[in-house]
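As structure tokens, the structure follows; a few thoughts come after it.
The values are calculated or read from the model by the stated rules, or taken from the named source; none is laboratory data. Being a predicted model, the structure only gives us computed values, none of them experimental. Neighbour counts run over all protein chains shown; Cβ positions are idealised from the backbone, glycine included.
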């Protein structure tokens, strides 16, 4: 896979999934399936570039699909006893391919340990200067490390929660949220940043120092996106 050929990595994991969360796919998208996530990609009519994992959750129909697409899809099988999840392997593959942003589907909901592990993969991406979104389960999640800012797109009254992942996240300033923050400091273990709301279709969150998790939750069943801007 040529480095720099793809702009965005779309990763399909095997967790809770809503087809309407998947954006229109571009020619510059690298589509990666982590194990049983292949079923989700097929459900929205996508042929992945890469399928990887230990294949413990790959259905027989998907195994036949891979067999029929030999030479078209790159397949990497790993042992079941390994030190990384299939999701991490997929993120590392996308990073090594030189993508500039990553979207993960099927990574939220279900087991809390898997959900947290998937969210914390944002650290790998931040270290490489790549934006990561986890999309699905009526939620969009991204991780910010200051100094940076994020655009949060949705609908009025959608929830927006800001959770520090470092001891403090300082210089937090928001726009377009019901409870405004101006150069605020949020503290790890406190809940001041929970359950804010969008006042329109777009809000903005800025953090100057520290690491901040931004979670936008739909108030309705509509589908929205969270955008990121430096």
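If you go through segment 70-97 one residue at a time, how many are in contact with a strand residue (DSSP E or B) (Cβ under 9 Å, 6 or more places away or on another chain) and assigned to a loop (DSSP other than H, G, I, E, B)? Qualifying residue count for the region: 3. Any idea which of 37, 45 is at pLDDT 95 or above and surrounded by fewer than 20 Cβ atoms within 10 Å (Cβ to Cβ)? After applying the criteria, what remains is 45.
Table: residues versus (1) touching a helix residue (DSSP H, G or I) at 6+ places or on another chain (Cβ under 9 Å); (2) under 30 Å from residue 55 (Cβ atoms); (3) surrounded by fewer than 16 Cβ atoms within 10 Å (Cβ to Cβ).
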residue	(1), (2), (3)
90	yes, yes, no
98	no, yes, no
110	no, yes, yes
167	no, no, yes
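The set of residues in segment 126-148 that are within 12 Å of the chain's Cα centre (by Cα) and either crowded, with 24+ Cβ neighbours inside 10 Å or part of a strand (DSSP E or B) (or both) comprises 131, 132, 133, 134, 135, 136, 139, 140, 141, 142, 143.
Which of the residues that make up segment 50-65 are in contact (Cβ under 8 Å) with a residue 40 or more places away in the chain and not in a loop (DSSP other than H, G, I, E, B)?
Just the residues of segment 50-65 that are in contact (Cβ under 8 Å) with a residue 40 or more places away in the chain, to begin with: 50, 52, 57.
The answer is 50, 52.
In the condition set (1) touching a residue at least 60 places away in the same chain (Cβ under 8 Å); (2) touching a strand residue (DSSP E or B) at 6+ places or on another chain (Cβ under 7 Å); (3) assigned to a loop (DSSP other than H, G, I, E, B), residue 5 is compliant with all but (2). Has segment 49-65 got any residue that is in contact with a strand residue (DSSP E or B) (Cβ under 8 Å, 6 or more places away or on another chain), buried (at least 24 other Cβ atoms within 10 Å of the Cβ) and within 22 Å of residue 16 (Cα to Cα)? The answer is yes; a qualifying residue exists.
Among the conditions (1) over 21 Å from residue 32 (Cβ atoms); (2) free of Cβ contacts under 8 Å to residues at least 12 places away in the same chain; (3) in a loop (DSSP other than H, G, I, E, B), residue 155 misses just one, which is (2).
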